[in-house]
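Report on the structure given below.
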Amino acid sequence: MYDATQPGGADALERPEVPASRLAILRSRAQVGVLAPPVSIEVLLSGGLPHFSVVGLPETAVRESKDRVRGAILSSGFDFHEGRITVSLAPADMRKTGGRFDLAIALGILAASRDSDVEQAALDGIEFYGELGLNGDLRAIPGALPAALKAAEAGNAVVVPAANGAEAALSSARVFVAGNLREVTAHLLGRGRLAQRPNGAPPAARVRVPDLADVRGQSAAKRALEIAAAGEHNILFTGPPGTGKSMLARRLPGILPPMNEAEALETAAVDSIAGRGLDLERWRQRPFRCPHHTASAAALVGGGSDPRPGEISLAHNGVLFLDELPEFSRHVLEVLREPLETGWITISRAGRQSDFPARFQLVAAMNPCPCGYLGEPAGDCRCSAERVEGYRSRISGPLVDRIDIHMPVRRMPADAMRAGAGGGETSAAVLARVCPARERQRERAGVSNARLDGDVLEAVCRLTPPGWAVLERAMERFGLSARAHQRVRRVARTIADLAESEAIEVEHIAEALSLRLPGKDL
């Protein structure tokens with residue numbers, strides 16, 4: 001019988017040494033819409049057969065990080081732990097996407113390794129972001145700006161790839177930029193120093209935008225565009241081909257006030273999570289987005305298995321131009337209704353929700369009929385009444401009701417096209433009127449007139465008795481909805497602001513109604 005107490009028994013067996021487990025904890029952040037919730041990266045090294053596992057709802061790109069991390073550590077001249085490696089991304093019930101955690105995972109392995117001099121204390125108070133190449137180089141990640149803004153609120157410094165340094169420096173966090181894994185480890189060991197990006201935004205860009213003076217004639221349409229710019233109102237241009245609808249729309253950004261610091265950061269954050277990075281050439285310039293009419297609903301409002309911002313979010317704080325409006329799918333247009341009211345879009349997927357800002361100014365253009373020549377003096381239109389009705393019905397009544405200004409654009413006579421070299425006032429001259437009007441609105445209610453609602457609307461858009469009489473008569477005669485009633489009052493408030501009038505007079509209401517009901521005998 002086997003006796004463990006006899007020579008050669010169990011006490012005499014040579015037992016292999018089992019290495020003690022070591023744990024390192026680092027900080028990073030996930031990307032969920034425009035939010036950047038904190039993620040704790042816990043790395044545990046232990047004995048046993050070689051195995052590398054990542055837990056905490058990692059998606060494919062995160063699970064594949066183990067191969068990138070192994071290659072980066074070995075290429076950087078460090079030893080790779082040959083036992084068991086367990087990486088936990090907490091909280092465990094939040095999905096993790098992308099390669100943004102690569103740098104933190106690699107540093108966690110080095111910090112927990114016996115052969116590394118990286119101590120846990122050197123990792124505290126710092127958040128790490130960056131995707132690793134197999135050679136140890138750091139690659140840019142989307143969403144660096146929202147993460148840096150949240151890190152600043154938490155009082156943490158951030159280490160980001162050099163390509164993300166400019167956008168991260170827009171926050172007030174201490175921002176260190178690195179080119180590869182070795183530079184980061186040298187910084188943590190005190191053997192080198194990462195470059196620190198100075199905080200602050202660049203000066204406002206001076207990018208040339210199309211000038212309103214390029215548009216000849218069309219004084220009524222230009223007046224409507226000025227009112228739209230002053231109050232942030234949505235506008236629809238209707239007219240035959242070649243009358244300048246698109247030209248007018250593309251000149252709206254040139255008469256809009258520059259973005260303030262908060263708006264510029266919001267817009268830059270959306271560009272960051274979309275992977276577009278920071279374009280210093282257009283800092284504080286309002287975006288202008290013009291998707292093609294074949295765009296899908298996901299392209300317009302955002303979507304995908306890992307939700308990404310769509311055109312309405314990329315136009316946040318700027319202009320969304322929809323040319324050939326009836327050519328868009330009706331389903332695609334219907335998804336605009338909610339963000340036009342709220343300024344936000346929520347993308348829901350199984351197990352997750354992502355919110356994106358979508359406060360944009362809608363400018364749309366359309367022909368009066370399928371061929372485009374309805375009402376032209378030459379009589380070229382051959383569209384039947386049924387075709388015209390079918391064409392216009394592609395745009396739902398609720399969506400049309402949300403557009404404040406409806407402006408017909410007529411064909412210009414030949415003599416107007418050859419008269420003079422320009423088309424009248426420059427964008428700078430119009431902007432000089434728009435900015436004071438917008439400032440009055442901000443001082444009075446904190447928002448532009450198009451955003452007035454509830455009690456604030458009632459307080460700001462009070463009418464005189466004659467003004468009420470004109471508005472009520474128009475409502476009864478033309479069947480205006482309650483929403484249209486409010487929008488007429490908002491536009492009238494903007495017209496009064498451009499006229500530097502504290503009161504909304506009858507002429508202001510009359511002009512607002514003419515912009516809502518063009519061609520109607522009021």
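Remarks
- The largest-to-smallest principal axis extents of the Cα set in the range 413-514 are 48, 35, 21 Å.
- Other residues lying with their Cβ under 13 Å from the Cβ of ARG208 contribute a combined charge of +1, Lys and Arg counting +1, Asp and Glu -1.
- Across the chain, the relative contact order, built from alpha-carbon pairs under 8 Å that are at least six residues apart, equals 12 percent.
- Anisotropy class of the range 331-462 from Cα gyration tensor, a/c 1.5 cut: oblate
- If the Kirkwood radius is taken over C-alpha pairs of the chain, then at 10 °C and 1.306 mPa s the Stokes-Einstein diffusion coefficient equals 60 µm²/s.
- Spatial separation of Cα centroids for the range 162-226 and the range 476-506, in angstrom: 39
- Database remark: amide H of ARG308 closer than 5 angstrom to the amide H of GLY303 (H placed geometrically; neighbours at sequence offset of 5 or more, or on other chains; Pro and chain starts carry no H).
- Positive-end extreme of charge dipole, the range 128-214 - chosen from ALA166, PHE176, LEU188 (charges on Cβ): LEU188
- For LYS150, the lysines whose Cα falls under 20 Å of its own Cα, not counting residues fewer than eight places away in the same chain, are LYS96.
- Mean projected area of the Cα convex hull of the range 120-178, taken over all directions, amounts to 4.0 nm².
- Note on the range 102-213: Rg/Rh from Cα positions, Kirkwood definition for Rh, rounded to two decimals, is 1.10.
- An oblate overall shape is assigned to the range 316-368, the ratio a/c of its alpha-carbon gyration tensor axes (a ≥ b ≥ c) being 1.5 or greater and a/b not exceeding b/c.
- Residue-by-residue Karplus 3J(HN,Hα) for the range 32-45, coefficients 6.51, -1.76, 1.60, Hz, glycine and proline x: 10, x, 8, 8, 9, x, x, 10, 9, 9, 9, 10, 10, 9
- The ellipsoid that matches the Cα gyration tensor of the range 245-401 has semi-axes, each √(5λ) in whole angstrom, of 32, 20, 12, with the longest given first.
- Between the listed residues LEU374, ILE403, LEU362, the Cα displaced farthest toward the positive end of the dipole of the range 358-411, a dipole computed from Cβ unit charges relative to the Cα centre, is found at LEU362.
- When the trypsin sites (Lys or Arg not before Pro) in the range 100-147 are filtered for DSSP coil states and for at most 15 other beta-carbon atoms within 10 Å of their beta-carbon, the remaining sites are ARG114.
- Taken one residue at a time, the phi angles of the range 292-305 give Karplus couplings (6.51, -1.76, 1.60, θ = phi - 60°) of 6, 5, 8, 4, 7, 4, 5, 5, 7, 9, x, x, x, 4 Hz. Gly and Pro are set to x.
- Mean projected area in nm² (Cα convex hull; one quarter of hull surface) for the range 24-96: 5.3
- Solvent-accessible surface (1.4 angstrom probe) belonging to LYS245, in square angstrom, nearest 10: 20
- Taking the convex hull of Cα positions in the range 254-311, its mean projected area over all directions (nm²): 4.8
- log₁₀ of I(q)/I(0) at q = 0.25, 0.28, 0.29 Å⁻¹ - the range 163-204, Debye sum with one point per alpha carbon: -0.83, -0.93, -0.96
- Cα long-axis angle, helix 465-478 against the chain (0 to 90 degrees, to the nearest 10): 90
- By the Cα gyration tensor, the range 274-365 has an equivalent ellipsoid whose semi-axes, rounded to whole angstrom, run 19, 18, 12 from largest to smallest.
- Share, in percent, of DSSP beta bridges within the chain that are antiparallel, nearest 5: 50
- Rounded to the nearest 20, the size of the Cβ-charge dipole of the range 133-254 about its Cα centre is 200 debye, with Lys and Arg at +1 and Asp and Glu at -1.
- Partners of LYS222 within straight-line reach, counting lysines whose Cα lies under 27 Å from its Cα and excluding those fewer than 8 residues away in the same chain: LYS245, LYS520.
- Proximity of backbone amide H atoms, modeled 1.01 Å from N, is registered between LYS96 and GLU59 at under 5 Å, excluding neighbours fewer than 5 places apart on the same chain.
- Annotation: amide H of ALA178 within the under-5 Å range of VAL160, ALA162, sequence separation 5 or more or interchain, hydrogens built in the peptide plane.
- A Förster radius of 41 Å combined with the Cβ-Cβ distance from GLN196 to ARG282 puts the calculated FRET efficiency at roughly 0.95.
- Rounded to the nearest 10 degrees, the angle from helix 261-273 to the longest Cα principal axis of the chain is 60 degrees.
- Whole-Hz ³J(HN,Hα) from phi, Karplus 6.51 cos²θ - 1.76 cosθ + 1.60, for the range 67-75, glycine and proline x: 6, 5, 5, 4, x, 5, 5, 5, 5
- Euclidean distance between Cα centres, the range 285-340 to the range 67-110, Å: 38
- Label separation (SER53 vs ARG473): 8.0 nm, computed from points 7 Å beyond Cα along the C-beta direction.
- Relative to the dominant Cα principal axis of the chain, helix 482-498 is inclined by about 80°.
The values are calculated or read from the model by the stated rules, or taken from the named source; none is laboratory data. Everything numeric here is computed off the predicted structure, so don't read it as measured data. FYI the Cβ positions are ideal-geometry reconstructions off the backbone, even for glycines, and counts take in every protein chain you see. Protein only, heavy atoms only, side chains kept; ligands, DNA and RNA dropped before computing areas. Shrake-Rupley method; radii C 1.70, N 1.55, O 1.52, S 1.80 Å.
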